[in-house]
Amino acid sequence: MYRYDDIDQTLVAERVAQFRDQTRRFLAGELSEDDFRPLRLRNGLYIQRFAPMLRISIPYGLLSTRQLRMLGHVARKYDRGYGHFTTRTNMQFNWPKLEDVPDILADLATVEMHSIQTSGNCIRNVTADHFAGIAPDEIEDPRPWCEIIRQWATLHPEFSYLPRKFKICVTGAPVDRAASETHDIGLHIRRGDDGDIGFEVLVGGGLGRMPILGKKIRDFLPWPELIRYLEAILRVYNQEGRRDNIHRARIKVLVKAKGVEAFRDEVEAEYLRIREERPPLGEAEIARMRAFFAPPPYETLPDVDVVTGAPAEFQAWYRHNTRTHKVTGYRAVVVSLKKHGEAPGDMSADQMERLADLADRWSSGEVRVTHDQNLVLGDVRQQDLHAVWMGLRELGLATPNIGTLTDMICCPGLDFCSLANASAIPIAKQIQDRFSDFDYLYDLGHIEIKMSGCMNACGHHHVGHIGILGVDKHGEEWYQITLGGSASGTSSLGEVLGPSVPKGEVANTIAKILDVYLERREEGEEFLHAVRRVGIEPFKERVYAAAR
Amino acid sequence: MRRLVKGRQLADGDSWFYVGTDEGDPPAGAPRVLKLADYLAAREAGEDATRLGVHLVPTDVDVSPLAPHAATLPLVVIEFPSTGDGRGFTQASLLRGRHRYRGELRAHGKGVRADLIFFMARCGFDSFDLAEGEKVETVLAQLERFSVAYQTYPDGVVQPRHRTG
């Protein structure tokens, strides 16, 4: 993985000093709350319902075990012993004290971590496919490109005060595992006719109040042009994005208002001007970056049958929680943060520290964070899978539910977030309680539930096969259900099923939806495909039958 | 009363009169700063280039009309109406980088706050009309805030170290 040099380390240290000074000035009354807000947000610090919330950057979801242990240390020393992984693959702490935050950031800096630009109207953490570098279908590892973008975006002198937040995602495989179409910019690595790589460029995707999938503005951008082209997009956006209305300020609104062709023409024109002024990315720089992400020294191993004769529970875990690796004899293990009864994406300090031990012993000393709030041990020898399973099971991290109904995305909701209209975690628990039978979950097959406690859509509800959105109706929590959304393969936005349902009825409503699926599905047909084939009507009829 | 930071210190005074911003009439013979359209018209009318500056507001997205005047312009003032409005960073970058403007580049407005000064300096600003209440020493300290940077930008007042090679 990437390692800081003197430049990186100095920058992070100076950032800590800057924030320490800003916090001091705020506490001394030299900075008003309004003045301090944009400064603290650019360091990931929110003032929340109960306490400040600190969001720590995990660039493209990659953590060394040393970093994971540090997160455990922060959870233990400054918080209440746990943290929460987000859909941006960051970690949030819900209970730090404002006056401790400079010390937390100083601790993080010792392991090459920071919270720079994890909030605010600036370029946010760049995300990538969580199977980067190990997926059999990969064209090229996206992470060196992500790191190049991360550095370019960090404390950018021109683009640090944008109209609104800005999210970039890079994928390196034909299949999109990172929800790239919901990003302000989605970059897909493609191989050109001459064999060299480049990027398909999507722009203007996003969720929130105006959900929309990204539009392609470039079929193929040769790799040396990456930063010059990003600058052109950001510059057009910084100049022309709306600043009069926070709900109309994302780049998607600008792209829509101008029309994608006109927007593209403007970007291309600016890009041609920038080409005259700045050098392209050099071979040496990308070679330097690629070296950081070189594969670990894999052993030459045969594929092993570890399933035959193994306990049924292990077999279920193997089937649902492990994935094919590009190297023979290895597998990728998905660590489930979706144990029934726990808040999705939460992890205790103890789990962090002990998972780090497992990753050091049985994988490559790295842990990946997925955008759907699980973790991945990337390089496990097949012969060690049983030991890894035992270790994870002991930590409560081996729930064999990856890809099933209870592998939900869930935002912190009303329990923590000051933006939320409704709770999300209690709904997740309601669903976990109702659908606790694994045979039933396995029979249902692949279903993605994504849940947000408000329109800001941190829980990506628009692209859930089943989306759940919490709304406030006269002080009561209600939930709007959408069906048929997806963020991978053929992406689509879910369709609203009908009027929202009361808090106590969410799991019951989902049960009715699942009944219709089980009755209507064809042989081997997944939920999403069944919804797309039969349409929303049969589901609507069943759910609202009694009310008519 | 304008408080102008220039050359890493509080300037003694400033003779420029911002037409449409400063109160009253310009003192006789004072050099004037005009809004973009007025500036272009004044130059068209043959006024003395050395006595005229231009004041850009955020909606002056296209700064290229200033390109022909870049060599003779003594002062460009860029308005930052709030700390949230970052359009001035692009205007400055374009003037310095694309149009080779070498005169004084001054940030003005409620957004000229200590914590934005470093970015402003990196985009090529070399003087700052401090927002009300902003302490000079706090502002000056921010110019020393970062000794390193990832991006190559016009800089000038600050000169962070970059990775080489």
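Observations on the model:
- Test: residue in region A:313-322 that is farther than 20 Å from residue A:374 by Cα and under 28 Å from the mean Cα position of the chain (by Cα): no
- Boolean, residue A:235 is within 13 Å of chain B (Cβ to nearest Cβ), farther than 20 Å from residue B:86 by Cβ and either under 26 Å from the mean Cα position of the chain (by Cα) or free of Cβ contacts under 8 Å to residues at least 40 places away in the same chain (or both): no
- Residue B:109 being more than 10 Å from chain A (Cβ to nearest Cβ), in contact (Cβ under 8 Å) with a residue 24 or more places away in the chain and not charged (D, E, K, R): yes
- Among residues of region A:267-296 that are more than 13 Å from chain B (Cβ to nearest Cβ) and under 24 Å from residue A:203 (Cβ atoms), those with a beta-carbon under 7 Å from a residue that is outside any helix (DSSP H, G or I) and at pLDDT 95 or above at least six positions away or on a different chain give the pairs A:267/A:217.
- Residue A:397 passes every criterion in (1) touching a residue at least 40 places away in the same chain (Cβ under 8 Å); (2) surrounded by fewer than 23 Cβ atoms within 10 Å (Cβ to Cβ); (3) in contact with a strand residue (DSSP E or B) (Cβ under 8 Å, 6 or more places away or on another chain) apart from (2).
- So residue B:94, is it more than 10 Å from chain A (Cβ to nearest Cβ) and either more than 21 Å from residue B:7 (Cα to Cα) or modelled with pLDDT of 95 or more (or both): no
- Single condition residue B:59 does not satisfy, out of (1) out of contact with any Gly (no Cβ under 7 Å at 6 or more places or on another chain); (2) without any contact (Cβ under 8 Å) to a residue 60 or more places away in the chain; (3) closer than 30 Å to residue A:148 by Cβ: (3)
- Among the numbered conditions (1) under 29 Å from the mean Cα position of the chain (by Cα); (2) in a helix (DSSP H, G or I); (3) at the interface with another protein chain (Cβ under 10 Å from one of its Cβ atoms); (4) touching a residue at least 24 places away in the same chain (Cβ under 8 Å), the only one that residue A:252 does not meet is (3).
- Residues that are among the hydrophobic types (A, V, I, L, M, F, W, C) and closer than 24 Å to residue A:129 by Cα number at least 1 in the following helices (runs of 4 or more DSSP H) confined to region A:440-548: A:527-534.
- Identity of the residue in region A:119-154, small (Gly, Ala, Ser) and on the phi < 0 side of the Ramachandran plot, that ends up farthest from the other protein chains (Cβ to nearest Cβ): A:135
- Failed item, numbered, when residue A:60 is tested on (1) in a helix (DSSP H, G or I); (2) at positive phi; (3) within 14 Å of another protein chain (Cβ to nearest Cβ): (3)
- Scan of region A:181-239 for residues that are charged (D, E, K, R), part of a loop (DSSP other than H, G, I, E, B) and surrounded by 22 or more Cβ atoms within 10 Å (Cβ to Cβ), ordered by number: A:184
- Per this entry, residue B:89 is counted among residues that are aromatic (Phe, Trp, Tyr), within 24 Å of residue A:266 (Cα to Cα) and assigned to a helix (DSSP H, G or I).
- The number of residues in region B:20-45 that are in a loop (DSSP other than H, G, I, E, B) and modelled with pLDDT of 95 or more comes to 2.
- Check on residue A:72, over 27 Å from residue A:170 (Cα atoms), more than 14 Å from chain B (Cβ to nearest Cβ) and either surrounded by 22 or more Cβ atoms within 10 Å (Cβ to Cβ) or at pLDDT 95 or above (or both): yes
- Scanning region A:407-419 for residues that are surrounded by fewer than 23 Cβ atoms within 10 Å (Cβ to Cβ) and in contact with a helix residue (DSSP H, G or I) (Cβ under 8 Å, 6 or more places away or on another chain) returns a single hit, A:415.
Matching residues to (1) touching a helix residue (DSSP H, G or I) at 6+ places or on another chain (Cβ under 7 Å); (2) more than 25 Å from residue A:19 (Cβ to Cβ):
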position: B:62; (1), (2): no, yes
position: B:68; (1), (2): no, yes
position: B:71; (1), (2): no, yes
position: B:77; (1), (2): no, yes
position: B:85; (1), (2): no, no
position: B:122; (1), (2): no, no
position: B:141; (1), (2): no, no
position: B:144; (1), (2): no, no
position: B:153; (1), (2): yes, no
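- The one condition in (1) at the interface with chain A (Cβ under 9 Å from one of its Cβ atoms); (2) charged (D, E, K, R); (3) in contact with an Asp or Glu (Cβ under 9 Å, 6 or more places away or on another chain) that residue B:129 fails to fulfil: (1)
- Extreme residue, farthest from the other protein chains (Cβ to nearest Cβ), among residues of region A:155-173 that are in contact with an Asp or Glu (Cβ under 7 Å, 6 or more places away or on another chain) and of a type in the set (A, V, I, L, M, F, W, C): A:173
- Among (1) in a helix (DSSP H, G or I); (2) more than 14 Å from chain B (Cβ to nearest Cβ); (3) touching a strand residue (DSSP E or B) at 6+ places or on another chain (Cβ under 6 Å); (4) surrounded by fewer than 22 Cβ atoms within 10 Å (Cβ to Cβ), the one test that residue A:66 misses: (3)
- Residues of region A:10-45 that turn out to be within 29 Å of residue A:148 (Cα to Cα), at the interface with chain B (Cβ under 9 Å from one of its Cβ atoms) and not charged (D, E, K, R), as a count: 7
- Pairs linking a residue in region A:167-195 that is closer than 25 Å to residue A:325 by Cβ to a residue that is assigned to a loop (DSSP other than H, G, I, E, B) and hydroxyl-bearing (Ser, Thr, Tyr), with Cβ atoms under 7 Å and 6 or more positions apart or on different chains, are A:175/A:488; A:176/A:488; A:177/A:488.
The values are calculated or read from the model by the stated rules, or taken from the named source; none is laboratory data. If you're wondering where the values come from, they're calculated on a predicted model, not measured in any experiment. A quick note on method: Cβ atoms are made from the backbone with ideal geometry, for glycine too, and the neighbour counts reach across all protein chains shown.
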